[in-house]
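Written out below as C-alpha cells is the structure these notes cover.
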Amino acid sequence: MSKELIRLRDLCMAFDDELVLDHVNLYINDSEFLTLLGPSGCGKTTTLRIIGGFTTPTSGDVTFDGVRINDVPPHKRQINTVFQKYALFPHLDVFENIAFGLRIAKISNKEVEERVLEMLSVVSLNGFEHRRVDQLSGGQQQRVAIARALVNRPKVLLLDEPLGALDLRLRKDMQNELKRIQQQMGITFIYVTHDQEEALTMSDTVVVMDKGRIQQIGTPVDIYNEPKNAFVADFIGESNILDGIMHEDYVVEFFNRKFKCLDKGFAPMEAVDVVIRPEDIEIVPPDRGRLVGTVASVTFKGVHYDTIVDFKGYKWLIQTTDYHEVGEVIGIVLNPDDIHIMKKSEYSGLFGDYSSYSAEYDEINDPDFAEEDEEDADDEN
Amino acid sequence: MKAKSPVLSRIFNALVFVFLYLPIVVLIIFSFNDSKSRTVWSGFSLHWYTELFHDEEILSAFSTTLTVSLLASLIATVLGTAAAIGFFSMRRRPRQLLMTVNNIPMTNADIITGVSLMLLFVFTGNILGFSLGFGTLLVAHITFNIPYVVLAVMPKLRQLDPNLGEAALDLGATPWQAFWKVLMPELRPGIFNGMLIAFTLSIDDFVISYFTAGSEVSTLAMQIYAMTRKRISPEVNALSTILFVTVLVLLIIVNLREVRQQNLKDRQNRALKRDAAR
C-alpha cells in the first residue's frame with residue numbers, strides 16, 4: 001500500500017509488575033484503516049493510548065513519520081482521538097465543541113466557522129450547531145466527537161471502541177459511516193474494538209491481540225481464513241478446533257481418518273490444530289459421509305441453523321440452512337480447502353468443543369455485555 | 001420509620017428545636033433591648049448596635065475577621081482545589097490514604113488543632129524570629145479550611161468524564177489551557193461552594209484563632225469572649241446576632257446553590273429522557 005506512518009518497536013508496558021504489552025511490533029501505513037482487536041485486557045487500549053501520547057511506554061519506541069515521539073506530549077502530536085465515552089465538553093455547545101481545537105490553534109473566526117460547518121455536514125449533523133451536547137442522543141454525541149477530532153485535519157485518528165455504547169442497528173450504520181468518512185478524508189484510522197464483526201467489516205488491516213501480545217496481523221480475509229493459532233480462530237468467528245496429526249504435506253489425520261488439505265511445511269507426524277469453520281461443513285446422508293454423527297441440538301439463527309453434532313463424544317458446530325432434527329444421524333464431507341492447519345500453541349485445547357455451547361454462553365463470558373445494554377437504554381430515539 | 005405516637009414524637013421534635021434555637025432567639029431579642037438588663041425587656045432600640053459601631057476595638061476585630069476570612073478562604077480554595085485534583089489523579093490506594101489524612105483534621109477537636117498549631121508557630125517562630133499575630137492567624141485559618149475545600153471539590157471531580165482533560169490535550173490544548181478551558185468550568189460550582197464553606201468557618205472560628213492570634217490581634221469571636229469576661233454588656237448580644245445572621249445567610253446560600261444545581265441536573269436528565277422517548 002502506501003508509505004509507513006507509525007511504527008511501534010519492541011513496545012513494552014508494565015503497570016505494577018503486570019505486563020500489559022509484551023514486545024509489540026507493528027507498523028501502520030498512511031491512509032490505512034487498522035483495527036486492534038482483542039478481548040478486554042489484551043492491551044489494545046493501552047497501545048492506542050501510547051500512540052495518542054497519554055501513556056508513556058515502559059520500554060520500546062514509537063515513531064511517527066520516522067521521528068521518535070515517545071516524549072512528545074499529546075497536544076503536540078498530529079493525532080486526534082475519539083474517546084470511548086466521547087468526552088465532549090458539557091459547558092460548550094456543539095459548535096464550540098467542534099471548534100475547540102481550532103480556537104486553541106488561534107484560527108480566524110471566519111475559517112473556524114467554515115471548517116466547523118463543513119465538518120457538521122461530513123458527520124450529517126447540519127443544523128445542530130447550537131444544541132447543548134447533553135441534549136444529544138448517543139449516536140449524535142458520537143458524531144460530534146468524530147467531527148471535533150477530524151476538524152483539526154489530523155494525520156491519524158484514534159478511535160477507542162467508539163461504537164460500544166450504541167445499539168446494534170445504529171452501530172451497523174455508524175460502521176458504514178466511519179468507513180465512508182475515512183475514505184473521504186483519506187486519513188489513517190486506528191480503531192480499537194472487541195467486536196470481531198466490526199473489525200472485519202471496516203478494516204484494511206486487523207491486528208489480533210491477546211495477553212499483551214500480537215497474535216496475528218493481516219487483512220480481514222487472511223485473519224478469517226488463515227488464523228495463526230487457536231485463539232485467533234476462536235476469536236474471529238466460530239470454529240471447530242480439533243487435534244490432528246500432519247502425516248506429510250497436504251495430508252492430515254484426525255478422528256483416525258486421513259483428509260486432504262492445502263497446508264504444507266510441517267514436520268512429518270507433527271501434532272497440529274485443525275480448524276474447520278462451521279459454515280464450510282457439508283451435510284450429506286450418513287452412507288455418503290466421511291464422518292457420521294448425531295444431531296445433539298439445533299438453534300434457529302435466522303439465516304441458518306446452529307446445529308451441534310456429536311462425533312463420538314466430540315461436539316462440532318455446523319451452520320446449515322437445512323433443518324436437521326435432534327437425534328438424526330447425518331454424515332459430513334469436507335473439501336481440502338475447508339480444512340485449515342495451525343501449529344500447536346499455548347491456546348491449543350482451550351477452544352473448539354461445543355459440548356457446553358448455548359446461546360447465552362457468549363454473553364455471560366463477555367464482561368462488557370451487560371454494561372453496554374444499560375447504556376443503550378438512553379441512546380437514540 | 002414510622003413513629004408509634006405522632007403526638008409524642010412531635011413534642012420531642014419541638015423540644016429539640018426549642019433547646020437548639022431558643023437561646024439564640026433570646027439573644028437576638030435582647031440585642032434590641034433598650035436597657036442594660038439581660039432579663040427584663042424594657043423596649044425596642046438599636047442602641048447596642050450603634051454602640052457597637054462606635055467601639056474601636058470591635059471595629060478593628062471586625063476588619064481582622066473579614067480580612068482573615070477572605071484571604072484564608074481564597075488561599076485555601078486555590079490550595080484545596082489543587083490538592084483535590086492531585087489526589088484524584090492518583091491511584092486508588094494512595095488516594096484513599098490521603099483522603100483519610102485530609103478528613104482527620106475535620107473530626108479532630110478544634111482545641112487540639114489550635115494548641116498544636118500554636119506550639120508549631122511558637123517553636124518555628126523562636127527559630128525564624130516571628131511571633132504570633134496576623135500571619136500565624138491567617139496560616140491557621142488556611143490550614144483548617146483546606147480539608148473542607150477538598151471535600152467540596154472532590155464530588156465534582158468524580159462526576160467528570162475521566163477523558164475530559166485528555167480530550168482537551170488531544171485537541172492541542174496545553175495542560176494549563178486544558179485546566180482553565182475544560183476542567184475549570186465543570187469544577188467551578190464545587191470550588192465556589194468550597195470557598196463559601198471555608199469563609200463561613202473562618203468567620204465563626206473561635207478556638208483555633210484564640211490559640212494562634214497572639215495578644216495583638218483579635219477576631220470578632222475572640223472579642224465577644226473577651227467582652228463576656230471583662231464587662232458584661234448587651235453589645236455582646238448585638239455582635240453575636242450579626243455574626244449568627246452572617247453565617248446563617250452564607251449557609252443558606254451554599255445550600256440553595258446545591259439544591260439548584262441538583263434541580264438543573266434533574267431537569268436536563270428529564271429533557272434527555274423525553275428526547276430519547278420520542
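Exactly one residue out of A:Glu129, A:Glu113 is more than 10 Å from every other protein chain (Cβ to nearest Cβ), of a type in the set (Asp, Glu) and over 20 Å from A:Pro154 (Cα atoms): that is A:Glu129. Please specify each residue of the stretch A:306-344 satisfying the condition of being buried (at least 16 other Cβ atoms within 10 Å of the Cβ), outside any strand (DSSP E or B) and within 25 Å of the chain's Cα centre (by Cα). Result: A:Asp338, single match. Against the list (1) of a type outside the set (Gly, Ala, Ser); (2) under 24 Å from A:Gln78 (Cβ atoms); (3) surrounded by 23 or more Cβ atoms within 10 Å (Cβ to Cβ), the condition A:Val122 fails is (3). Here B:Ala167 meets the list (1) within 14 Å of chain A (Cβ to nearest Cβ); (2) surrounded by fewer than 21 Cβ atoms within 10 Å (Cβ to Cβ) almost entirely, failing just condition (2). B:Leu137 passes every criterion in (1) more than 14 Å from every other protein chain (Cβ to nearest Cβ); (2) in contact with a Leu (Cβ under 9 Å, 6 or more places away or on another chain) apart from (2). Take A:Glu197 and tell me if it is free of Cβ contacts under 8 Å to residues at least 12 places away in the same chain, not in a strand (DSSP E or B) and not aliphatic (A, V, I, L, M). Yes; evaluated as a whole, the condition is true for this residue. When you look at B:Phe123, is it surrounded by fewer than 21 Cβ atoms within 10 Å (Cβ to Cβ) and within 29 Å of B:Thr67 (Cβ to Cβ), yes or no? Against the criterion (surrounded by fewer than 21 Cβ atoms within 10 Å (Cβ to Cβ) and within 29 Å of B:Thr67 (Cβ to Cβ)), B:Phe123 qualifies. Scanning the stretch A:26-38 for residues that are out of contact with any Ser or Thr (no Cβ under 6 Å at 6 or more places or on another chain) and either among the small types (Gly, Ala, Ser) or farther than 18 Å from A:Leu158 by Cα (or both) yields a total of 1. A:Gly139: within 14 Å of another protein chain (Cβ to nearest Cβ), part of a helix (DSSP H, G or I) and in contact with an Asp or Glu (Cβ under 7 Å, 6 or more places away or on another chain), yes or no? Yes: the conditions hold for A:Gly139. Cβ-Cβ contacts under 6 Å between residues 6 or more apart (or on different chains), taken from a first residue in the stretch B:171-200 that is within 11 Å of chain A (Cβ to nearest Cβ) to a second residue that is surrounded by 19 or more Cβ atoms within 10 Å (Cβ to Cβ) and in a loop (DSSP other than H, G, I, E, B), are listed as B:Val182/A:Phe89. Quick one: would you say B:Leu71 is in contact with a helix residue (DSSP H, G or I) (Cβ under 9 Å, 6 or more places away or on another chain) and either of a type in the set (A, V, I, L, M) or farther than 18 Å from B:Asn237 by Cα (or both)? So B:Leu71 fits the description; yes. Considering (1) more than 30 Å from B:Asn163 (Cα to Cα); (2) at pLDDT 85 or above; (3) surrounded by fewer than 17 Cβ atoms within 10 Å (Cβ to Cβ), the lone condition that B:Ser5 does not fulfil carries the number (2).
Inside the stretch A:144-181, residues that are in a helix (DSSP H, G or I), buried (at least 22 other Cβ atoms within 10 Å of the Cβ) and away from chain B (no Cβ under 14 Å) make up a count of 1. Only one of the listed residues (A:Asn97, A:Asn109) is buried (at least 21 other Cβ atoms within 10 Å of the Cβ), under 23 Å from A:His75 (Cα atoms) and at pLDDT 90 or above. That residue is A:Asn97.
None of A:Ala359, A:Ala370 is modelled with pLDDT under 80, under 27 Å from A:Ile223 (Cα atoms), out of contact with any His (no Cβ under 7 Å at 6 or more places or on another chain) and not in a strand (DSSP E or B) except A:Ala359. If the condition is being under 18 Å from A:Tyr224 (Cβ atoms) and either in a strand (DSSP E or B) or touching a residue at least 24 places away in the same chain (Cβ under 8 Å) (or both), then the stretch A:274-305 contributes A:Val274, A:Val275, A:Ile276, A:Arg277, A:Pro278, A:Glu279, A:Asp280, A:Ile281, A:His304. Listed by position, the strands (runs of 3 or more DSSP E) enclosed by the stretch A:1-101 that each have at least 2 residues that are away from every other protein chain (no Cβ under 14 Å) are A:4-15, A:18-29, A:33-37, A:59-64. Scanning the stretch A:161-176 for residues that are aliphatic (A, V, I, L, M) and touching a residue at least 40 places away in the same chain (Cβ under 8 Å) turns up A:Ala165, A:Leu166, A:Leu170. Assessment of the stretch A:50-68 against the conditions (farther than 27 Å from A:Leu166 by Cα and over 29 Å from the mean Cα position of the chain (by Cα)) yields no matching residue.
Within the stretch B:85-92, the presence of at least one residue that is farther than 17 Å from B:Thr241 by Cα, assigned to a helix (DSSP H, G or I) and among the aromatic types (Phe, Trp, Tyr) is confirmed. Scanning for something more than 24 Å from B:Ala221 (Cα to Cα) and among the small types (Gly, Ala, Ser), does the stretch B:126-137 turn up at least one residue? Yes, there is a match, as at least one residue in the stretch B:126-137 is more than 24 Å from B:Ala221 (Cα to Cα) and among the small types (Gly, Ala, Ser).
The values are calculated or read from the model by the stated rules, or taken from the named source; none is laboratory data. Here the structure is a predicted model, which is why all the values come from computation and not from measurement. Glycine also receives a Cβ, built like all others from the backbone with ideal geometry; neighbour counts cover every protein chain displayed.
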